[in-house]
Amino acid sequence: MRWTSVVAIYVLFWVLSAFLVLPFGVRTPDELGLEKVPGQAHSAPANFSPRRILRRATVVSLIGFALYYLCYTHHWISVDDFDVGKWLGWY
């Protein structure tokens with residue numbers, strides 16, 4: 001696998017991980033007992049921390065990409081493993 005492919009796939013894992021970890025740990029002003037600014041949405045986060053999300057997304061994406069890369073290099077899962085016809089006994 002070329003290094004450019006590795007980088008592109010890792011970026012995809014990172015973006016997916018960022019969206020997965022984004023809602024965890026975020027609290028609204030009502031949950032934290034803070035006063036809302038006039039016009040603020042009730043669901044607006046009061047403790048949003050981009051650094052925490054970047055760290056969490058990086059850790060999750062590193063783990064996910066490492067598993068993907070190991071599976072790719074060691075051929076733990078192949079195309080034949082996804083052959084539904086063989087599973088159902090069609091041939």
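Readers should treat all values here as calculations from the given coordinates under stated rules, not as data from a laboratory. Since we're looking at a predicted model, the values are computed, not measured. For neighbour counting, all protein chains shown are included, and Cβ atoms are generated from backbone atoms with ideal geometry for every residue, glycine included.
A few comments on the model shown:
- Dividing the summed helix terms, -39500 (n - 2.57) for each DSSP H run of n ≥ 4, by the number of residues in the chain produces a 222 nm estimate of -18500 deg cm²/dmol to the nearest 500.
- Relative to the dominant Cα principal axis of the chain, helix 3-21 is inclined by about 40°.
- Per-residue Cβ neighbour rank within 10 angstrom, fewest leading, 82, 13: 82, 13
- FRET E, pair residue 51, residue 1, Förster distance 25 Å, beta-carbon r, rounded to 0.05: 0.20
- At full extension, residue 28 and residue 12 could sit 2.8 nm farther apart than now, given 0.36 nm per residue minus the alpha carbon distance.
- Extreme residue, positive dipole direction of the chain, given options 74, 9, 59 (C-beta unit charges): 59
- Rough spin-label spacing in nm, given labels placed 7 Å along Cα→Cβ, for residue 44 and residue 66: 4.0
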